[in-house]
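Chemist: Structure incoming, see below.
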Amino acid sequence: MSEKIKDDIQLNDQTDPELTRIPDEMPLLPVRDVVIFPYMIVPLFVGRDKSIAAVDQALAENRIIALVTQKDSTTEDPGADDIFRVGTAAAIIRMLKLPDGRLRILVQGLSRIQIEEIKSDKEYLSAKVRRIDEPVLDKIPIRIEAMMRSLKEKLDRIVQLGKTIIPELGSLIASIEDPGRLADIVVSNLDIKAEEAQQILEELNYEKRLEAVDKYLSKEVEVLEIQQDISRQAKGEIEKVQREYLLRQQMKAIQQELGEDNELAEEIEQLRKKMDEKKIPEEAVEEMERNIKRLEKMNADSAEAATIRNYLDLMADLPWETYSEDNLDLKEARKILDEDHYDLEKIKERIIEYLAVKKLKESKMKGPILCFVGPPGTGKTSLGRSIARALGRKFQRLSLGGVRDEAEIRGHRKTYVGAMPGRIIQGIRSAGTSNPVFMLDEVDKIGADFRGDPSSALLEVLDPEQNNTFRDNYLGVPYDLSKVMFITTANQVEPIQPAFRDRMEIINLAGYTLEEKVFIAKRYLIPRQMEQQGIDENDIKFSQSAIEAIIGGYTREAGLRNLEREIASVCRKIATKKAMGNGKQVSVTAKNISKFLGPVKIIPDAQMEKDTVGVATGLAWTPVGGDVLFIETILMDGKGSLTLTGQLGDVMKESAQAALSYARSNASELGIDPEIFPNTDMHVHVPEGAIKKDGPSAGITMASSMISALTGRPIDRKVAMTGEITLTGHVLPIGGLKEKALAALRIGINKVIIPEKNLKDLEEFPPFMVKKLNF
């Protein structure tokens, strides 16, 4: 309606009577994308030659022209089939020629017309038409009146919701009493598609026409209400942000007026104070200053500001050049180590050596990197705490079992959401000093996947030549780890990456003998468990035979975990009796131990009852200590094949093949009939078939068992043996000799055959073992 001329609206009521007479034939003007309704005043631009000729003809006759909408607005030269059959007869009120040759006309709709025939024999289109008159109502039905009132109210609502219409139109609509005329005036001011408007134009029933217009008005009201809600919400958000900003600025101004700084300024001041108090390297200071300047320019509540705050807090909390004083009293350190752990002489000597060198060398020396390797439960982890106590240093422990992400060691870059420093830097921050004892537990169980290999990341951490400039991804600046004493623990050396293993000083912890276990139980385990279970010496008394019975019948291990667990079980039962009012002292002996722990869980290995042909006693090493193997060989008629059973690994199978080849190649010297081999099958079996076995150290045991079977001579059951055999009959040295010797002692064997090159290992054996065993 914005294009309509306000002054011409009165023509609806004051049109020249000559103009209201609709002739039977008149020029036809096809229009695009608009439907002209009766009583509607609208300007039109006319540019096509036929259309200009039609306008000129209408002006020359009676100024009446037929306005009909095209079916397809893209058609440039419409014919009879391209236009609708219902249109509007309109009067041309004004005409203006434009400089580009087009016409601008102002038309007013007069009446609906039905196109009877279209003629195109002239330079313009003309049409024979039939006027469609609105029915004259003497009295308007109540339903129609209600619909008219609804239309007017909805039009008012549209105006309230921001739709712009000219004021004169509102007053005109308020005065209209004719329902068809009202529908036409309203629909001509709605933004609806030409196809839908044409349907309303063709609807001659004024009631249905009112219903259609009412439907479109309702939709328009709904769209405008939703649009208003969206605008209101957006405006509310903007106003909220502006309000918060204004309040923040006001608060800042008030704080400045009162001489108080805001919270962010206080934080920055505290950070700078920490930086001044600590000795922070220049590179780290520059990085912190750069981040502080960024923080000062930011909104204090933004997500990035929180990230920078966390980073600066970490940098300020790190003990850059803060070191704890080492306890350089060697006797005192030795006393602490002896209090906490029995034996473990090699490790204690290494710690005392480190302190001695540090005492003699005034400058700060680099921390050693030790690796304790031994069976579970031998005290590797607790030894780390004891070393920290002896040195007077802070203790930090990091378990690496199952760790697969390289970022656990080196940290994440600050750009990632939820970024954190690596566990090494977190441990240093927690310790509060740059020279703690840092224990890395279970380094033989580190994993590797698409996130990297933590072992490779640890190469820098555990290299004294590199770790003085360790660079954590989160920090972004070097940190000196060279004064940290790193201690790693592992059950086996083999799974550790070779380059990683090379950086550590490996110290082996063997399993404990029966005598050592008894001593440790009396001195450490029993007092500790009595204290933990709330009982004392007046409540329970362990005899030595009871401790030996627990070790022999209820635990089979190189370490002490299960032993302590069984002692704790006995103590809990005594604690239960005490809590129930029975406060008498209970004496635990080998005879009554089954009352507390139930039947014996482990049947001890025993020697064979007699010397047997083809059965040899061997010794094996396992991750939980030594074990005794009885290797059996039998001969059967056959074709010279060798069968091996007992869940043997590849190395053990190859040892059996080597032993057989040695026996065949030296048959005459060994007193074996060479003709026996092609006609005999040999079966070698290692009992306890449910347990996997592997390794080369059963080589001489297998050879002895085979030769015994081939010669028919029995083997001395009181002799145990271990060693790797070669094809030429040489015996190579093996590992785990102490654990194997303990296994022999356990079943009462005191004579052990070992490779000659292993004799040097006897120097590290406790004196009582060397006395009891004949190597």
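Chemist: Mind checking the angle between helix 544-554 and the chain's longest principal axis? C-alpha axes, 0 to 90 degrees, to the nearest 10.
Modeler: 50
Chemist: Still on this structure: Which shape class, rounded, prolate or oblate, goes with region 401-461 when its Cα gyration tensor gives a ≥ b ≥ c as root eigenvalues, a/c under 1.5 marks rounded, and past that a/b bigger than b/c marks prolate? The partial results should precede the final answer.
Modeler: Working: a/c = 2.22, a/b = 1.11, b/c = 2.01.
It is oblate, given that a/c is not under 1.5 and a/b is not larger than b/c.
Chemist: Calculate, for region 521-583, the solvent-accessible area per residue in square angstrom, rolling a 1.4 angstrom probe over the heavy atoms of the protein chains. Each step should come with its number before you reach the end.
Modeler: Working: 3200 Å² over 63 residues.
That works out to 51 Å² for each residue.
Chemist: Additional query: Zone of LYS361 (label point 7 Å along Cα→Cβ, backbone N under 19 Å): which residues in region 440-462?
Modeler: Hits in region 440-462 for LYS361 at 19 Å: 462.
Chemist: Among VAL731, VAL493, what's the order by accessible area (1.4 angstrom probe), most exposed first? Present the calculation step by step, with values, prior to reporting the outcome.
Modeler: Details: VAL731 60, VAL493 30 Å².
Ranked from most to least accessible, the order is VAL731, VAL493.
Chemist: For the chain, what does -39500 (n - 2.57) per DSSP helix run (n ≥ 4), summed and divided by total residues, give at 222 nm, in deg cm²/dmol to the nearest 500? Please report the intermediate quantities before stating the final value.
Modeler: Working: 28 runs with 327 residues, N = 775.
Estimated from H runs of four or more residues: -13000 deg cm²/dmol.
Chemist: Let me check against my output: what whole-number percent is the relative contact order of the chain, with C-alpha pairs under 8 Å and at least 6 apart? Don't skip to the end; give the middle numbers.
Modeler: On the way: 1287 pairs, mean separation 56.1, N = 775.
Relative contact order here is 7 percent.
Chemist: Once both axes come from the Cα atoms, what is the angle between helix 330-340 and the longest principal axis of the chain, in degrees from 0 to 90, rounded to 10?
Modeler: Result, in degrees: 80.
Chemist: Relative to the longest principal axis of the C-alpha atoms of the chain, give the angle of the C-alpha long axis of helix 303-317, reported between 0 and 90° and rounded to the nearest 10°.
Modeler: 20
Chemist: At a probe radius of 1.4 Å, what is the per-residue accessible area of GLU76, in Å² to the nearest 10?
Modeler: 110
Chemist: Collect residues whose amide H, placed 1.01 Å from N in the peptide plane, falls under 5 Å from the amide H of GLY392; neighbours closer than 5 in sequence don't count.
Modeler: Placed amide hydrogens put ASN327 under 5 Å from GLY392.
Chemist: Of the listed values (i) 65, 27, 23; (ii) 105, 40, 28; (iii) 44, 35, 23, grab the one calculated as semi-axes √(5λ) of the Cα gyration tensor in Å from the structure here.
Modeler: Read-out from the structure maps to (ii).
Chemist: For region 561-662, calculate the relative contact order in percent as a whole number, restricting contacts to Cα pairs under 8 Å that are 6 or more residues apart. Don't jump to the answer; show the numbers that get you there.
Modeler: Details: 40 pairs, mean separation 14.4, N = 102.
Dividing the mean separation by the residue count of region 561-662 yields 14 percent.
Chemist: To the nearest 20 debye, what is the magnitude of the charge dipole of region 439-513 about its Cα centre, counting +1 on the Cβ of each Lys and Arg and -1 on the Cβ of each Asp and Glu?
Modeler: Numbers: 6 positive and 13 negative charges, 19 e Å.
With only Lys, Arg, Asp and Glu charged at Cβ, the dipole is about 80 debye.
Chemist: So, R0 is 51 Å and r is the distance between the beta-carbons of LYS273 and ASP229; what FRET efficiency does that work out to, to 0.05?
Modeler: On the way: r = 52 Å, r/R0 = 1.01.
Efficiency, rounded to the nearest 0.05: 0.50.
Chemist: For region 352-440, rounded, prolate or oblate, judged on the Cα gyration tensor with a ≥ b ≥ c (square roots of eigenvalues), a/c < 1.5 rounded, else prolate if a/b > b/c? Mind dumping the intermediate values first?
Modeler: On the way: a/c = 2.56, a/b = 1.47, b/c = 1.75.
It comes out oblate by the Cα gyration axes.
Chemist: Points 7 angstrom from Cα along the Cβ direction at LEU137 and ASN62: gap in nanometres?
Modeler: Using points 7 Å along Cα→Cβ, the separation is 2.9 nm.
Chemist: Right, here's the next one. How many percent of the accessible area of region 430-493 is carbon or sulfur, using a 1.4 Å probe? Walk me through the intermediate numbers first.
Modeler: Working: 850 of 1860 Å².
Using a 1.4 Å probe with all protein chains present, region 430-493 comes out at 45 percent carbon and sulfur.
Chemist: Moving on to the next point. Please give, to one decimal in nm, the separation of the simple spin-label points placed at GLU239 and LYS584, each 7 Å out from Cα toward the Cβ.
Modeler: 8.7
Chemist: Which of the three applies to region 27-135, rounded, prolate or oblate, going by the alpha-carbon gyration tensor with a ≥ b ≥ c and a/c under 1.5 meaning rounded?
Modeler: Numbers: a/c = 1.44, a/b = 1.16, b/c = 1.25.
In terms of gyration-tensor shape, rounded.
Chemist: Report, ordered by chain and residue number, the lysines lying within cross-link reach of LYS97, taken as a straight Cα distance under 23 Å and ignoring same-chain residues fewer than 8 apart.
Modeler: LYS4, LYS6, LYS50, LYS122
Chemist: Here's a follow-up. Report the accessible area of PHE677, computed with a 1.4 Å probe over the heavy atoms of all protein chains in place, in Å² rounded to the nearest 10.
Modeler: 20
Chemist: Can you give me the accessible area per residue for region 169-262, using a 1.4 Å probe, in Å²?
Modeler: 65
Chemist: Distance in nm between label sites at THR643 and ASP156, each 7 Å beyond Cα in the beta-carbon direction?
Modeler: Output for this residue pair reads 10.8 nm.
Chemist: While we're here: Tell me the GluC sites (Glu not before Pro) within region 682-767 that lie in a loop according to DSSP and have at most 15 other beta-carbon atoms within 10 Å. Walk me through the numbers before you get to the answer.
Modeler: On the way: sites: GLU688, GLU724, GLU739, GLU756, GLU763, GLU764; in loops: GLU688.
Counting only loop positions with at most 15 other Cβ atoms within 10 Å, the GluC sites (Glu not before Pro) in region 682-767 are GLU688.
Chemist: Can I ask one more? State which entries of LYS639/LYS718; LYS274/LYS380; LYS163/LYS215 exceed 29 angstrom in Cα-Cα distance in the structure shown.
Modeler: Numbers: LYS639/LYS718 34 Å; LYS274/LYS380 38 Å; LYS163/LYS215 17 Å.
Beyond 29 Å: LYS639/LYS718; LYS274/LYS380.
Chemist: Considering only protein heavy atoms, what is the solvent-accessible area of HIS412 at a probe of 1.4 Å, reported in Å² to the nearest 10?
Modeler: Only protein atoms counted, so the area is about 70 Å².
Chemist: Give a quick list of trypsin sites (Lys or Arg not before Pro) in region 698-775 that DSSP marks as loop, anything other than H, G, I, E or B, with at most 15 other Cβ atoms within 10 Å. If you can, show how the numbers build up before the last one.
Modeler: Numbers: sites: ARG717, LYS718, LYS738, LYS740, ARG746, LYS751, LYS757, LYS760, LYS771, LYS772; in loops: ARG717, LYS718.
Within region 698-775, the qualifying trypsin sites (Lys or Arg not before Pro) (loop, at most 15 other Cβ atoms within 10 Å) are LYS718.
Chemist: Shifting gears a bit: With all protein chains present, how much of the accessible area of region 64-180 (probe radius 1.4 Å) comes from carbon and sulfur, to the nearest whole percent?
Modeler: On the way: 3100 of 6270 Å².
Carbon plus sulfur share of accessible area: 49 percent.
The values are calculated or read from the model by the stated rules, or taken from the named source; none is laboratory data. This one's a predicted model, so the numbers in the text were calculated from it and none came from an experiment. Virtual Cβ from ideal backbone geometry, glycine too; neighbours counted across all protein chains shown. Side chains are part of the model used for accessible areas, which takes the heavy atoms of the whole protein and leaves out ligands, DNA and RNA. Shrake-Rupley method; radii C 1.70, N 1.55, O 1.52, S 1.80 Å.
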